[in-house]
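Colleague: Below: one structure in structure tokens.
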Amino acid sequence: MPDWQARTAAAAIGIAVGLGPTIAGGQEIDILMALPAATLTFSNAFIAEDAGFYKKEGLKVSNRTIVGVGAVNAVIAGSADFTMGTGPVFLRAAAQGQRLLALINLIDKPLVELVLRKDVADAAAITDKTPFDARAKALRGKTIGIQGVGSIVHAWQRLVASRGGLDIEKDVRIAPMDPSAMPAALQTKAIDGYATSLPFTTEAVIKGNAVMLASAVSDAPDLLPFAYGLVYTRPDMCTKQREKCARIARALAGANRFIHEKPDEALALLRKRFDKMDADVLTAAWQIVSQAHAKDLAVTVPALENSQKVSLEAKLLQPKDALATFDGLYTDELVR
């Protein structure tokens, strides 16, 4: 983004920040939010709707699930207004010349995990106490379900394989599928394991069907802080329709506060969204997910640097294409 355009965007957002949460003329603003998956990663969006934070800001938000990088492409194409996604996907788009603008970061820890079927783990003498590099080596020759090619889930699977000294391209097979289908595919032995976000990884472990092979929450401290819950849009959105940016940011910030201040009430709302999930599984997953929600919603350079590091290590981004600077890709105006 040219400097003049970045300054214009920042100025426009600055004006919007000063506006109170009142509905101009009593008219709702329609927004289409593209979500890459129906997992607890997107709890904030669900709670913003179900707890009334969108309504308070005069927003009528429609969520549309578009798997993996498709959600980003929908924003780029103009068929969606905003998306929530991870730094690696956001930055790879920028590296390819598709520069977007990140407004806030709702989650500052990577909530992605990889589980291995229990019988496969037993055959390899793998438990959750096994050193990480030895666990990662157990991926050799396995078929792993992933949420979408190019997604953070795919990146995590490849990064784990890399840290196990495996050939990323040859030693592990992938099987793209919806997260909700993964537990059944595991039980029928159609796959040896899967990578996705909570609560679907939590479910397999608690029910004894799988062993946690690699959790970014605990196995990758070098990736903290992380841009895991970025909310972003096209660069011109906040100049042409500044109220959308200001109101969506306030609503989602309110939902984040609600998660921290009233985690039990937030969980009660999420139970309605995940009504087919075992209550104990959802509770266990929520203890991790709720703590991963950021208290400071500012998009930071360290979080973006760690995000780009994942793409590089997973070989989804070539070093020659890596961004040398993140200038113009984010604003801090909405969190001041």
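The values are calculated or read from the model by the stated rules, or taken from the named source; none is laboratory data. Just so you know, these numbers come straight off a predicted model, no measurement behind them. When we count neighbours, we look across all protein chains shown, and the Cβ atoms used for this are built from the backbone with ideal geometry, even at glycine. What goes into the accessible areas is simple: the full protein's heavy atoms, side chains included, and nothing from ligands, DNA or RNA. Shrake-Rupley method; radii C 1.70, N 1.55, O 1.52, S 1.80 Å.
Colleague: On the protein heavy atoms, probe 1.4 angstrom, tell me the percent of accessible surface of the chain carried by carbon and sulfur.
Modeller: 52
Colleague: Among the listed pairs Lys109/Lys315; Lys137/Lys315; Lys137/Lys272; Lys60/Lys262; Lys189/Lys309, which are separated by more than 27 Å between their Cα atoms?
Modeller: The answer is Lys137/Lys272; Lys189/Lys309.
Colleague: Treating only the Cβ of Lys, Arg, Asp and Glu as charged (+1, +1, -1, -1), what charge dipole size does the stretch 127-176 show about its Cα centre? Round to the nearest 20 debye.
Modeller: My answer is approximately 100 debye.
Colleague: Specify the angular offset, from 0 to 90 degrees and rounded to the nearest 10, of the alpha carbon long axis of helix 279-292 from the longest principal axis of the alpha carbons in the chain.
Modeller: Relative to the chain, helix 279-292 is tipped by roughly 60 degrees.
Colleague: How far, in nm, would the chain grow between Lys295 and Ser180 when pulled straight, counting 0.36 nm per residue and subtracting the alpha carbon separation?
Modeller: 38.5 nm
Colleague: What is the dipole size for the chain, taken about its Cα centre, with +1 at each Lys and Arg Cβ and -1 at each Asp and Glu Cβ, in debye to the nearest 20?
Modeller: The dipole of the chain has a size of about 340 debye.
Colleague: Further question: Take the chain, connect every pair of alpha-carbon atoms lying under 10 Å apart with a spring to form a Gaussian network, then pick out the residue of Thr86, Thr188, Thr239 with the largest mean-square fluctuation.
Modeller: Taking springs between Cα atoms under 10 Å, the residue moving most is Thr188.
Colleague: Once you place label points 7 Å from the Cα toward the Cβ at Asp332 and Asp167, how far apart are they in nm?
Modeller: Calculated label separation equals 4.6 nm.
Colleague: Taking the Cα centre of the stretch 180-336 as the origin and placing charges on Cβ (Lys, Arg +1; Asp, Glu -1), which of Leu334, Thr283, Gly193 is farthest toward the positive end of the dipole?
Modeller: The residue sitting farthest along the positive end of the dipole is Leu334.
Colleague: I'd like the orientation of helix 263-273 relative to the chain: the angle between its Cα long axis and the longest Cα principal axis, in ° from 0 to 90, rounded to 10.
Modeller: The helix 263-273 is inclined about 80 degrees to the chain.
Colleague: Which log10 I(q)/I(0) values does the stretch 52-151 give at q = 0.11, 0.18, 0.22 Å⁻¹ under the Debye formula, counting every alpha carbon as one identical point scatterer?
Modeller: So the normalised log intensities work out to -0.54, -0.96, -1.18.
Colleague: Here's another thing I want to ask about it. Using the Kirkwood radius over Cα pairs, work out the Stokes-Einstein diffusion coefficient for the stretch 128-172 at 25 °C and 0.890 mPa s, in µm²/s as a whole number.
Modeller: 230
Colleague: Would you mind getting the accessible area per residue of the chain, heavy atoms of the protein chains only, 1.4 Å probe, in Å²?
Modeller: 41
Colleague: Take the alpha-carbon centre of the stretch 241-319, take the same for the stretch 92-134, and report the distance between them in whole Å.
Modeller: Centre-to-centre distance over Cα atoms comes out at 15 Å.
Colleague: Helix 242-261 against the longest principal axis of the chain: what's the angle in degrees, Cα atoms only, rounded to the nearest 10?
Modeller: 50
Colleague: Given a 10 angstrom Cα cut-off, can you work out which residue in Asp50, Asp108, Asp280 is the most mobile in a GNM of the chain?
Modeller: Result: Asp280 has the largest fluctuation of those listed.
Colleague: Follow-up question, since we're still on this one. Say we join alpha carbon atoms closer than 10 Å with springs in a Gaussian network model of the chain; which of Gln291, Gln27, Gln98 then has the biggest fluctuation?
Modeller: The residue with the greatest mean-square fluctuation here is Gln27.
Colleague: Step through the residues of the stretch 177-191 one at a time and calculate ³J(HN,Hα) from phi using the Karplus curve (6.51 cos²θ - 1.76 cosθ + 1.60, θ = phi - 60°), rounding each to whole Hz and writing x for Gly and Pro.
Modeller: Couplings: 6, 5, x, 5, 8, 5, x, 5, 5, 5, 5, 7, 6, 6, 9 Hz.
Colleague: Evaluate the charge dipole of the stretch 80-137 about its Cα centre and quote only its size in Debye, nearest 20, assuming +1 on the Cβ of each Lys and Arg and -1 on the Cβ of each Asp and Glu.
Modeller: Charge dipole of the stretch 80-137: 140 debye, to the nearest 20.
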